[in-house]
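Working notes, structure below.
Nothing in this text is a laboratory measurement; each read-out follows from the coordinates by a stated rule. Since this is a predicted model, take the numbers as computed values, not measurements. All Cβ positions, even for glycine, are placed from backbone atoms using ideal geometry, and neighbour counts span all protein chains on display.
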Amino acid sequence: MNFRPYALLAELTYQCPLHCPYCSNPVGYPQGQELTTDEWKRVFAEAARIGVLHLGLSGGEPLARRDLAALIAGAQEAGLYSNLITSAVGLEPKRLAELKEAGLDSIQISFQADDAALGDAIAGTKAHQLKLNAARFVPEVGLPLTLNVVLHRRNLDRLENIIALAEELGAIRLELANVQYYGWGHLNQTQLMPTREQVETAVAIASAAKERLAGKMELIYVLPDYYETRPKPCMQGWGRRYLTVNPIGNVLPCPNATSIPGLRFENVREQALAWIWNESPSFNQFRGTDWMPLPCKECPQREVDFGGCRCQAALLTGDAYATDPVCTLSPKREVVDNILKAIETDSLAAEWTARRNP
Amino acid sequence: MSAIDLNCRPALAAHVRLQIDPVSNEPVLLFPEGVLVLNPTAHDIVLHCNGKAKVAEIVAALSDEYEIDEATLRNDAVECLADLLARNLIVVKS
């Protein structure tokens, strides 16, 4: 099947104890009531019926939902493989045992750095020690642990130590994701964007570690796409493999899709998920290759990178239909080059803007 | 990484779940951020990976069901298990 959702990202709440300056949540939060326990459970069941196998429980901070165990039980009932994507702040042993009991399959804990001083400075709160305490307890209850670290100018030079931390904590996976510049990340781009030298050193370290850890820990390294010559295959194609439901029930082809001007999104309170996936205008807007402009339309890579990222095209060129300007074949590549040039020549800007709760 | 030999006892790794995909009716392995569709032979092999049976015993059990010679089946099973091990989807005990 060409368009089948395999994974649902459920953003349960926008509340979060952390204030990371690259948060993927929208800077302007949509207003509305969070979905209830029963509404989420219905969404999980509907998702399973249209092909979803994986559920990411995210936010904000999903632990802020007091009904999290009930939601996990709902996911289990629907046959979904559930992964808790958490800051681990508030993940006490008793709560973790309760979530495991409800049927949680795996857990992904974010770290901001390998040490408390830097980690807490990025998170904007004293979180690092709490994360360590929680992460150490995860293998004890028999849950597989993934560590996720967002990389940027201020922590990229710590990469070796970050990898060592993941090893020490017994993680089976380590996701090292360079910042994506949307929302809060775009707002703080000047402060977060690494230099080319940093990026090249980091790639070498990550490749060596990947080889060394093969068979022990899976290492995923998400490249900083501004430094690439071809765009990322964003979401593996629009409306092709993934869907996101935000805290108020809007269904999005990607977590950042609300940043695209003019797109209207359907809500699970009003429409069936199957209809939204198959029929809705928002999910069909950039599906397949028919919407593509030149040079994408005739590019042999069009089924590989799907024209790149629609949010990035809209953000950097003002046109959501444009070729992702990361691509060197894009007529607007200079937009990206100018940003990179400014990073190399301008002095480091002052403070970043910390993420605020709604 | 330890290799697959006929005396080791494979088991699914703790983070891996075997289930039938309700849409395609194919057997799949689910693990964090991943899905692996199993062909019928791989499915049969995985069903025998209980941490108790040796690879040699799994092959013997399957050779009763399959109409191919045991040497080919043995090679196929070892290759399949080595692939699953490389993906961290099984663990092997001696």
Return the ratio Rg/(2.2 N^0.38 Å) for chain A, where Rg is computed over Cα atoms only. 0.97
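In nm², what is the average projected area of the convex hull enclosing the Cα atoms of segment A:247-358?
Average projection, Cα convex hull of segment A:247-358: 9.4 nm².
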On a full-extension model of 0.36 nm per residue, what is the gain between A:ALA117 and A:GLU211, subtracting their alpha-carbon distance, rounded to one decimal in nm? 30.9 nm
Considering only DSSP states other than H, G, I, E and B, which GluC sites (Glu not before Pro) in segment A:236-280 qualify as loop sites with at most 14 other Cβ atoms within 10 Å? A:GLU270
Of B:ALA86, B:TYR66, B:VAL55, which is farthest towards the positive pole of segment B:54-94's charge dipole, taken about the Cα centre with +1 and -1 on the beta-carbons of Lys, Arg and Asp, Glu respectively? B:ALA86
As an exercise, identify the GluC sites (Glu not before Pro) in segment B:54-93 lying in DSSP coil whose Cβ has no more than 15 other Cβ atoms within 10 Å. B:GLU67
Name the most mobile residue of A:TRP238, A:TRP275, A:TRP184, meaning the one with the largest mean-square fluctuation, in a Gaussian network model of chain A with Cα contacts below 10 Å. A:TRP275
Treat every Asp and Glu Cβ in segment A:222-270 as -1 and every Lys and Arg Cβ as +1, leave all other atoms uncharged, and give the resulting dipole magnitude about the Cα centre to the nearest 20 debye. 120 debye
Filtering trypsin sites (Lys or Arg not before Pro) in segment A:151-201 by DSSP loop and by at most 12 other Cβ atoms within 10 Å leaves none
So what is Rg over Rh here for chain B, counting just Cα atoms and using Kirkwood for Rh? 0.95
Once you put a point 7 Å from the Cα of B:LYS54 and another 7 Å from the Cα of B:ALA14, both along the Cβ direction, what distance in nm separates them? 2.7 nm
Using a 10 Å cut-off around each Cβ, can you sort B:ASP83, A:ASP324 from fewest to most neighbouring Cβ atoms? B:ASP83, A:ASP324
Can you put B:VAL16, B:VAL37, A:VAL268, A:VAL27 in order of Cβ neighbours within 10 angstrom, beginning with the fewest? B:VAL37, A:VAL27, A:VAL268, B:VAL16
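For the protein assembly as shown, with only Lys/Arg (+1) and Asp/Glu (-1) charged at the beta-carbon, what is the dipole magnitude about the Cα centre, in debye rounded to 20?
960 debye
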